[in-house]
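Okay, so here's the structure we're looking at.
Bear in mind that the values in this text are calculations on the coordinates, not laboratory data. Since this is a predicted model, take the numbers as computed values, not measurements. Neighbour counts run over all protein chains shown; Cβ positions are idealised from the backbone, glycine included.
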Amino acid sequence: MANRTGIVTAVLLIWLAAADIVLAQTAAEVDQQLKALLLETVARSDSFDDRFDAEVWLVDMSTRMQPYLPEQQERLEFLRLVHQASNTAGLKPDLVLALIHAESLFDRYALSRAGAQGIMQVMPFWKHELGRPEDNLIDLATNLRYGCTILKYYLDKENGNLRRGLARYNGSLGSQKYPDRVLDYWYSYWYVNE
């Protein structure tokens with residue numbers, strides 16, 4: 001019986017060692033896959049000053065965003081678009097992420113009772129005001145372009161006052177509830193100290 005137990009123990013140890021090797025190889029493959037995705041995303045993003053900055057920001061934000069967008073490639077593409085639209089508008093990407101968190105919880109198909117659409121909850125009347133009724137506000141790049149431009153306009157109108165600019169964006173000027181919510185998400189979850 002003792003001999004049989006020794007054989008079972010030896011087989012079990014060999015099996016565990018083999019499992020560790022397989023897990024290590026799988027982890028290496030995932031890291032290579034992540035590296036390839038990051039390199040592809042960085043190569044397509046013209047809003048970063050250099051490749052290192054892009055990699056650091058994308059890895060940091062991707063880790064924070066994983067609970068909201070579990071699929072890695074979708075998450076990295078989303079973050080690239082956020083960074084690009086934010087930079088184009090002259091906004092901090094982490095502030096835009098906080099606003100999206102408050103507005104739609106990263107749901108590109110979000111639709112408010114008032115009719116606002118997409119991740120930044122843009123009102124459809126803007127398409128007609130701009131003579132672009134064919135624009136699709138569910139499209140991430142389109143929604144980000146509209147939302148970031150509108151936010152920047154309201155922040156400039158309020159001379160950089162975040163609370164008032166955010167309240168204007170939400171249509172709740174005079175109330176602190178919405179600005180408090182966005183700023184809470186920003187400072188507690190998305191803020192990047194530059």
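Once fully extended, how much extra length lies between Phe125 and Asn161, figured as 0.36 nm per residue of separation less the alpha-carbon to alpha-carbon distance? Kindly include the intermediate steps, with their values, before the conclusion.
Details: separation 36, 0.36 × 36 = 12.96 nm, distance 2.57 nm.
Gain on stretching Phe125 to Asn161: 10.4 nm.
Once the chain from Ser172 to Asp53 is taken as fully extended at 0.36 nm per residue, the excess over their C-alpha distance is 39.3 nm. Counting neighbouring beta carbons within 10 Å and listing from fewest to most, the residues Arg145, Arg80, Arg113 come out as Arg113, Arg145, Arg80.
Remark: spin-label model distance Asn136-Ala114 equals 2.6 nm, labels positioned 7 Å along the Cα→Cβ axis. Between Val122 and Gln117, the built amide H atoms are under 5 Å apart, and every one of these is 5 or more places off in sequence or on another chain. Sorted ascending by nearby beta carbons within 10 Å, beginning with the fewest, Lys127, Lys92, Lys177 become Lys177, Lys92, Lys127.
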